[in-house]
Structure formats: C-alpha cells, structure tokens
Amino acid sequence: MRSALHFLCGAAAIIALAGAGCDSTPARQPRHTLTVELPTDREAPPVEMGLVSAVTVVLPGPDPASGLAWEIASNNTTVLEQMAPLTTAAGPAGPTTSVSFYSLRPGKSVLRFFLVRPAETEAIPAAKCEVTVRVSE
C-alpha cells in the first residue's frame with residue numbers, strides 16, 4: 001500500500017512539472033514580415049506570403065475618446081495564427097491599431113475587422129476593413 005502511494009505521489013509530481021511549461025505558446029520567429037495598411041470600407045489588394053512569415057495589419061484609429069475598438073471578425077486560424085493582441089498607438093497621422101499574424105500552413109484567410117463599441121452586443125460596426133491573405137509554400 002505504501003509503495004502504491006509513493007508511486008502515485010511521484011507520478012503526480014512529474015505531471016505537475018511537465019504541465020508547468022505548457023501554458024505558453026512558443027514565440028514565433030518569422031523570417032519575413034509584411035506590413036499592410038488597410039483603408040476603411042474599401043477593398044484592399046490581396047496579400048501573398050510564404051511559410052515562416054508574418055503579416056502586420058495596420059488599421060486607422062480609433063480616436064481614444066470615441067469609445068470604439070477594432071475587433072477581429074474573421075480569420076482562418078488553420079492558416080494564420082494571431083501573434084499578439086491588437087495594440088493601439090498614437091502616430092503623426094493619428095492613432096492606429098495593429099496586429100500581426102504568423103503563417104502556419106498554405107491556404108487562404110480572409111481577415112475582417114470591425115470597429116465597434118466593445119460594451120455593446122450585436123453592435124453595428126462604425127467601420128470595416130478586410131484583406132485576403134494567401135500563404136504558399
């Protein structure tokens with residue numbers, strides 16, 4: 001009985017240690033990064049990229065006083081992986097919001113962004129941006 005308890009305690013310790021490092025996703029190191037500035041409410045030209053690459057999407061605004069925020073409305077997560085949360089920064093031409101995606105495998109992803117009030121459910125977007133990203137080998 002004592003050896004079974006000792007074995008179970010040892011197994012629990014190994015599982016706890018093995019799971020400790022599983023919380024984080026490994027940092028992606030793209031070989032190339034493309035930057036694409038999207039216009040609001042107009043179609044952007046498609047983006048072509050290879051594997052082990054990233055695309056940084058730059059969206060206009062929003063004005064911090066507006067209470068609006070960009071949200072990702074669609075992404076084919078089997079093709080592109082979001083690398084970090086959307087970030088807003090002030091710039092010489094006004095505020096911008098950016099987000100980067102890492103190419104996981106060949107395919108197509110349509111990235112759609114909606115400018116909404118985060119507190120409102122089923123809000124009508126104040127603006128929309130869209131770009132099609134094609135990943136090839």
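Readers should treat all values here as calculations from the given coordinates under stated rules, not as data from a laboratory. This structure is a prediction, so every number in the text was calculated from the model and none was measured. Glycine also receives a Cβ, built like all others from the backbone with ideal geometry; neighbour counts cover every protein chain displayed.
Subtracting the Cα-Cα distance of Ala44 and Ala73 from their residue separation scaled by 0.36 nm leaves 8.8 nm. What the Cβ-Cβ distance of Glu120 and Ala90 gives, at R0 = 30 Å and to the nearest 0.05, is a FRET efficiency of 0.75. Rounded to 0.05, the FRET efficiency of the Gln29 and Val58 pair, given R0 = 25 Å and the Cβ-Cβ distance, is 0.75.
Take the Cα of Glu137, step 7 Å toward its Cβ, do the same at Arg105, and the gap between the two points is 1.3 nm.
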